[in-house]
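K.L.:
Below are the structure tokens for one structure; questions will follow.
The values are calculated or read from the model by the stated rules, or taken from the named source; none is laboratory data. None of these values were measured; they are calculated from a predicted model. As a convention, Cβ positions derive from the backbone with ideal geometry for all residues, glycine included, and neighbour counts pool all protein chains shown. Heavy atoms of the whole protein, side chains included, go into the accessibility calculation; ligands, DNA and RNA do not. Shrake-Rupley method; radii C 1.70, N 1.55, O 1.52, S 1.80 Å.
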Amino acid sequence: MQTMTETLQKLIGKPLVESTDQEIYLALLDLVHSKSAAQVRPVNGRKLYYISAEFLIGKLLSNNLINLGLYDDVRDALAAAGKSLSDIEEVEPEPSLGNGGLGRLAACFLDSLATLNLPGDGIGLRYHFGLFHQSFADGLQNELPDPWLNEHSWAEKTDITYPVTLAGKPYTARLYKLAVTGYEGRTNTLNLFDLDTVDESIVHDGIQFDKTAIDKNLTLFLYPDDSDEAGRMLRIYQQYLMVSAGAQLILAECAARGCNYHDLADYAAIQINDTHPSMVIPELIRLLGEKGIEFDEAVKIVTDTCAYTNHTILAEALETWPRSYLDKVVPQLMPVIEKLDAAAKKRTNDTGLAIIDADDRVHMAHMDIHFTHSTNGVAALHTKILKESELNGFYKLYPEKFNNKTNGITFRRWLLECDPALVKEIESLIGPGFRKDAAELEKLLPYAEDANVLQKFSQVKADNKKALADWLEHTQGVKVDPTAMFDIQSKRLHEYKRQQLNLLYLIHQYFEIRAGHTPAVPLVSIFGAKAAPAYIIAKDIIHALLTLSKVIAADPLVAPWLQVVFVENYNVTAAEKMIPACDLSEQISLASKEASGTGNMKFMLNGALTLGTMDGANVEISQQVGNENIYIFGQTSGQVIHRYAAGDYNPADWYEGDPNLRRAIDFLTGPEMLAAGKEENLARLQHELKTKDWFQTLPDFNAYVVRKGQALSDYACDPLGWRRKCLINISKAGFFSSDRTIAEYNSDIWHLGE
Ligand code: 26Q
């Protein structure tokens, strides 16, 4: 048997001690490639194709080493040569091929599929630049390209290509394959498509580029959009490249396994991740037509093969395309879409359920629900709202199609990889079974009363906070006190997620501290968030937080008690450092608006307590841990929906009626903020809050201040009690493993082979 040191030295061609981090990284890449190739299994029966415009996979080296069982050996071999795996990780660029939750969910699902030994591949796009790199200057967000490809990428070029016609012109989609390793499981594939002609040199002035040269720009960028920028032509081009090449790949693979196309549903299950890949439905029908299958039969085959997941209830995020756009980009699909529209109109005369509406807009979600066999929401409350209001017409028409699949996260990355010290403590108490079966974390429960154990968990958290403090100082030159309470809100910047509510709280605290009402414990309030480049108010909120951070830091009365830190360029790598160091997890969306959330699950798993509204999966977290182990506040979704329906919400009433609120909102354009920030941005945000406040920040302000105050005082006054709550959260996190989610998708929707 070769030792790991010998293996690596052989791959590099010299002793480890003399090797650079780059050389070691490449050797590890080689090692992972060969080990993962050995875990590829033949497919029998149904295979899943998870088709998604986003796969936010994050760095892959450590994840792959853990899943292949190589991590400990590699770490020890490197340590013996005076090297550290975390230095080697720095060499790897992060593939940020997603905007946020939806893309990260896709990555977690691939990990769970491979771990559960299920045949399930991803289909997506090989963007040359992932989500933009964010930097701050003058309190404003700047966007830069974020390259991740180099000649040593995880995604390997193949000689498999498919012809794709865009706006009547022929293009060639090339397939790249990225190995997805399972934890003690099989290796599946993430299939990413690209054009050979894409030209990175056309990018200029940050993330600007010529929008017209499709052959040069098609897969240059992930759309930096979390639903607020109007959809554009280029997005349709991207989507069609993905679904057309993807559909051809699926048909070719199934045919190679003996499928005669009539029986496609016995060979393939296709999961459509939100509406971005919806054109796969008409494209498959079109391709089956080319194989000689009649329209009606093709519709049935596709319906039996495909299933659709909805990830949002925000109306503006539901994709509808003007028919003229589709006429231009995908004229070959229009006859199919028209026939589908006619077929749907035969099933119902409710015009609200049409695929093509009276304004000639094409509703992608409507096509999905009519012509797939399953529509699911991503948390219990979300699915309930879909059934009862947003998609109620469809639910009445097809009650049997609707089902819930509460999201989950992979514990390999979000526990084993990011919090090894916590894993060690857990393992010493309940053995290693939880690594494979997350439900075994419940075995921790009896230790909730064991002060020694709680003390050890407390030490792990303290060490993780120190590590985050060091990282913040090292990467952005910010010093924080690791003994303060760490309060974190990290997620995309969006009004419905209500970073502005947290902002108003911080201003309120600033006044309270200045008035001598010091809090129970010093608080470090940490944010991580990117705003879509065209989302003005989101950027104003970033500006207000950055400005407030300066104002507070400059105030000798307040600074010892309160610090605001905005982490630049929040991404998966940053999340892995921040989450294990968190005490209080902010999940404060307006009830009914966050479909699920998955950050909430990651924080809980790493021993943070949630301060949250009854929204998305927060509801299920509170059911798991019990009300005494979570800090819930604010309006319920029922109250919110009622208030919207009544249409009588007037933020000015709240502003006038609550002196604390008024003081906080006025402060945005007070002399302290104007001295440190920009009037245009601050005044715009203030005006928005006073006159619109579409996401009802003001009605929840008081409840938020009170509940957060309670959390701070519990943390400060009853440290053991706090730690007990944390342990209960960890022990109840098993339900939120994506292994559970995937097992449910499989038994209810996919029925995969092996
Ligand atoms: C739509 C139209 C035009 C251009 C872009 C878009 C677009 C792009 C990205 C719409 C939506 C997204 C991303 C949505 C998303 O991340 N949703 C999140 O999905 C998570 C996984 O299910 C949930 O946990 C979150 O609650 C949900 O917000």
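K.L.:
In the chain, if every C-alpha pair distance is counted and binned at 10 Å from zero, what percent goes to each bin?
P.N.:
Using 10 Å bins, I get a P(r) of 3, 14, 24, 26, 20, 10, 3, 0 for the chain.
K.L.:
Give me, ordered by chain and number, the residues 5 or more places off Ser278 or on other chains with an amide H under 5 Å from its own placed amide H.
P.N.:
none
K.L.:
Net charge around Ala268, counting only other residues with Cβ within less than 13 Å of its Cβ (Lys, Arg = +1; Asp, Glu = -1)?
P.N.:
-2
K.L.:
Can you pull the percent of the stretch 12-111's accessible area that's carbon plus sulfur, 1.4 Å probe, other chains left in place?
P.N.:
Within the stretch 12-111, the accessible surface is 49 percent carbon and sulfur.
K.L.:
Further, regarding this structure: Calculate the spin-label point distance for Ala213 paired with Leu26, positioning each point 7 Å from the Cα along the beta-carbon direction, and give it in nanometres.
P.N.:
According to this spin-label approximation, the distance is 3.1 nm.
K.L.:
Given a cut-off of under 8 Å on Cα pairs at least six residues apart, what relative contact order in percent is computed for the stretch 62-177?
P.N.:
Once normalised by length, the contact order is 15 percent.
K.L.:
Next question, about the same structure. Per DSSP helix of 4 or more residues, -39500 (n - 2.57); summed, then divided by the residues of the chain. What does that give at 222 nm, rounded to the nearest 500?
P.N.:
Value at 222 nm, helices only: -13500 deg cm²/dmol.
K.L.:
Pop the C-beta distance of Arg514 and Asp718 into the FRET formula with R0 = 41 Å and round what comes out to the nearest 0.05.
P.N.:
Step by step, r from the Cβ atoms, then E = 0.90.
K.L.:
Pop out the ³J(HN,Hα) list for the stretch 719-732 in order, Karplus 6.51 cos²θ - 1.76 cosθ + 1.60 with θ = phi - 60°, rounded to Hz; leave Gly and Pro as x.
P.N.:
x, 5, x, 4, 4, 5, 4, 4, 4, 5, 4, 4, 5, 9
K.L.:
Using Cα-Cα distances under 8 Å and only pairs 6 or more residues apart, what relative contact order does the stretch 419-739 have, in percent?
P.N.:
About 25 percent, as a whole number.
K.L.:
Please check which bits of the stretch 389-423 a label hung off Ile641 would reach, taking the label as a point 7 Å along Cα-to-C-beta and the cut-off as backbone N under 12 Å.
P.N.:
It comes to 389-393, nothing else.
K.L.:
Turning to a different aspect of this structure: For the pair Trp471 and Met1, how long in nm is the line joining their label points, each one 7 Å along Cα→Cβ?
P.N.:
In this crude spin-label approximation the distance works out to 3.3 nm.
K.L.:
Restricting attention to the stretch 468-545, which trypsin sites (Lys or Arg not before Pro) occupy a DSSP loop and are surrounded by at most 15 other Cβ atoms within 10 Å?
P.N.:
Lys479
K.L.:
Go through the stretch 444-458 residue by residue and turn each phi into a ³J(HN,Hα) via Karplus (6.51, -1.76, 1.60, θ = phi - 60°); whole Hz please, and just put x for glycine and proline.
P.N.:
Karplus values, whole Hz, x for Gly and Pro: 6, 3, x, 7, 4, 9, 9, 4, 5, 5, 4, 4, 5, 4, 5.
K.L.:
Also: Give me the net charge of Met4's neighbourhood, meaning all other residues with Cβ under 14 Å from the Cβ of Met4; Lys, Arg count +1, Asp, Glu -1.
P.N.:
Every neighbour counted, the sum reads -1.
K.L.:
Leaving ligands and nucleic acids out of the surface, order Glu18, Glu253 by accessible area at 1.4 Å, largest first.
P.N.:
My answer, sorted largest first, is Glu18, Glu253.
K.L.:
Let me ask something else. Test of understanding: what is the full-extension gain from Gln710 to Ala683, defined as 0.36 nm times their sequence separation minus their Cα-Cα distance?
P.N.:
Stretched fully, the Gln710-Ala683 segment lengthens by 6.6 nm.
K.L.:
Please list log₁₀ I(q)/I(0) at q = 0.14, 0.15, 0.16 Å⁻¹ for the stretch 419-739, using the Debye equation with identical point scatterers on the alpha-carbon positions.
P.N.:
Result of the Debye calculation: -1.10, -1.25, -1.41.
K.L.:
Give me the percent of Cα-Cα pairs in the stretch 463-511 that sit more than 12 Å apart, rounded to a whole number.
P.N.:
72 percent
K.L.:
Please give the net charge around Leu175, taking every other residue with its beta carbon less than 13 angstrom from that of Leu175, where Lys and Arg add +1 and Asp and Glu add -1.
P.N.:
Net charge in that neighbourhood comes out at -2.
K.L.:
If amide hydrogens are placed 1.01 Å from N in the peptide plane, which non-local residues have theirs closer than 5 Å to the one on Leu125?
P.N.:
Under 5 Å from the amide H of Leu125: Phe193.
K.L.:
Between Asp159 and Leu397, what FRET efficiency comes out of the Förster formula 1/(1 + (r/R0)^6) with R0 = 45 Å and r the beta carbon distance, rounded to 0.05?
P.N.:
0.50
K.L.:
For the stretch 27-40, in order, what is each residue's ³J(HN,Hα) by Karplus, 6.51 cos²θ - 1.76 cosθ + 1.60 with θ = phi - 60°, in whole Hz (x at glycine and Pro)?
P.N.:
Result, rounded to whole Hz: 5, 5, 4, 4, 4, 5, 4, 6, 5, 6, 4, 6, 9, 6.
K.L.:
Can you find, among Gln500, Ile742, Ile409, the residue farthest towards the positive end of the dipole of the chain? Put +1 on the C-beta of Lys and Arg, -1 on that of Asp and Glu.
P.N.:
Ile742
K.L.:
Find the Rg to Rh ratio for the stretch 56-173, where Rh is the Kirkwood radius over alpha-carbon pairs and Rg uses the same atoms.
P.N.:
Ratio of gyration radius to Kirkwood radius: 1.04.
K.L.:
Report, by chain and number, residues whose modeled amide H sits under 5 Å from the one on Ala268, excluding near sequence neighbours (fewer than 5 apart, same chain).
P.N.:
So Ala268 has HN proximity to Lys47.
K.L.:
What FRET efficiency comes out for the pair Asp666/Ala256, r = Cβ-Cβ distance, R0 = 56 Å, nearest 0.05?
P.N.:
The computed FRET efficiency comes out at 0.25.
K.L.:
Still on this structure: Share of antiparallel DSSP beta bridges in the chain, in percent to the nearest 5?
P.N.:
That works out to approximately 40 percent antiparallel.
K.L.:
If a cysteine in the chain has no other Cys Cβ under 4.7 Å from its own Cβ, put it on the list, ordered by number.
P.N.:
So, Cys108, Cys306, Cys418, Cys582, Cys717, Cys726.
K.L.:
Same structure again: Note down the accessible area of Cys717, probe 1.4 Å, to the nearest 10 Å².
P.N.:
About 100 Å², rounded to the nearest 10.
K.L.:
How far is it, in nm, from the label point at Asp463 to the one at Ala421 when both lie 7 Å from their Cα along the line to the Cβ?
P.N.:
Going by the 7 Å Cα→Cβ label model, 0.5 nm.
K.L.:
Subtract the Cα-Cα distance of Ala38 and Leu144 from 0.36 nm times their separation in residues, and report this length gain in nm to one decimal.
P.N.:
Contour length minus Cα-Cα distance gives 34.3 nm.
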